[in-house]
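Single-structure report; data block below.
The values are calculated or read from the model by the stated rules, or taken from the named source; none is laboratory data. Since this is a predicted model, take the numbers as computed values, not measurements. Here the Cβ is made from the backbone with ideal geometry for all residues, glycine too, and neighbour counts use every protein chain on show. Quick note on the areas: whole protein, heavy atoms, side chains included, nothing else; ligands and nucleic acids left out. Shrake-Rupley method; radii C 1.70, N 1.55, O 1.52, S 1.80 Å.
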Amino acid sequence: MTDTVVAVSGLRKTYGRRTVLDGVDLAVPAGAVVAVLGPGESGKSTLVDILAARTAPDSGTVLVCGLDAAADPAAVRSAVGTAAPVADPGQAGAALLERAGPPPPGLLDRLGLAEALARPVATYAASVRRRFELALALAGSPPAVLLDEPTAGLDAADRRTVRSIVRGLAADGAAVLVTTRCLAEADRIADTVAVLDRGRIALRCDPDELRRRIPQRHVRLRFATEYEFAAASRVLSDAVAGEEPLVLRVPGDSGTRSLRSLLDRLDEYALSAAEWSVPESDLDDVLAALSDAASSGR
């Protein structure tokens, strides 16, 4: 994983007064998956459009397979696979695939597309169309693959399939860049995660480091009455009030031993929670942690 296939340096893009990308540096090696993790309006889609030579940056350089996107955008477009809306949805899927090139072996079956190919793409349901767009992106086995939120709008089974396909592409030597808003997805598929926030790369690390940056998980307890809430607040000295009424947040995790210990502490004082849960950390938690670290100088 030492050969850099996609190299980005100093990338900037503005639309009017809005800065979408603000000095982005990024590299995607062969045989690796880089996940660009960011909220909506963070610049993820614009980044993919620039790397795919569909949009020109205001400044900065983009090299794909050694090709300069500014000097030879057509060559870059032919070197990358990227999912995009089908230009001629009146055509049958099979005809479009035939022009695009052969898909990797077994891909159509894995994506559940075999029966749909005889029909015009315009007749596909939204989820089928997204899977077909992915198949088109991978036709001809391009060395660089750029996928903008490829699992959005898919059900759980299809999301697992797409994640497996992405990992398989890297295993076969492709350089894969995937954008996502989902922390768990980036954790599952990426070798490197780049957190994009307000047009800048706020953090670049492997998934293990990303997990270490996530704020400590907590157990959420909701009580039925003000009396129980107040009493539990005294008993659980490390708890803090949640944003919702009658809710406490207690540092901890979903392990059986940890939960049993917490509930036993409440039981000693004849207290019980009306409900409990262990919320998963999400992208907002990561961005908040990065913001706190930046403001404190860490």
- Message: I'd like the orientation of helix 256-268 relative to the chain: the angle between its Cα long axis and the longest Cα principal axis, in ° from 0 to 90, rounded to 10.
- Response: 30 degrees
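Counting only protein heavy atoms, what percent of the accessible surface of the chain is carbon or sulfur at a 1.4 Å probe? If you can, show how the numbers build up before the last one.
Working: 7300 of 15000 Å².
Carbon and sulfur: 49 percent of the exposed surface of the chain.
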- Note on the structure: Shape call for the stretch 100-171, from the Cα gyration tensor axes a ≥ b ≥ c (a/c under 1.5 means rounded, otherwise prolate when a/b beats b/c, else oblate), comes out oblate
- Would you look at the GNM of the chain, springs on alpha carbons closer than 10 Å, and say which of D148, D72, D206 moves the most? D72
- Note on the structure: The size of the Cβ-based charge dipole (Lys, Arg +1; Asp, Glu -1) of the chain about the Cα centre, to the nearest 20 debye, is 340 debye
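What does DSSP give for the chain in terms of the percent of beta bridges that are antiparallel, rounded to the nearest 5? Mind showing how you got there, number by number?
Values: 32 of 50 bridges.
Of those bridges, close to 65 percent are antiparallel.
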- Accessible surface, the stretch 107-151, averaged per residue in Å² (probe 1.4 Å): 40 Å²
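Which shape class, rounded, prolate or oblate, goes with the stretch 86-137 when its Cα gyration tensor gives a ≥ b ≥ c as root eigenvalues, a/c under 1.5 marks rounded, and past that a/b bigger than b/c marks prolate? Can you show the working numbers first?
Numbers: a/c = 1.60, a/b = 1.20, b/c = 1.33.
Verdict is oblate for the stretch 86-137.
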- Task: List the residues whose amide H sits under 5 Å from the amide H of T82, counting only those 5 or more places along or on another chain, with H placed 1.01 Å from N in the peptide plane.
- Result: L146
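Express the accessible area of the stretch 223-288 per residue in Å², computed with a 1.4 Å probe while the remaining protein chains stay in the model.
Working: 4190 Å² over 66 residues.
Per-residue accessible area for the stretch 223-288 comes out at 63 Å².
Shape call for the stretch 160-249 from the C-alpha gyration tensor, a ≥ b ≥ c root eigenvalues: rounded (a/c under 1.5), prolate (a/b greater than b/c) or oblate?
Details: a/c = 3.57, a/b = 2.79, b/c = 1.28.
Verdict is prolate for the stretch 160-249.
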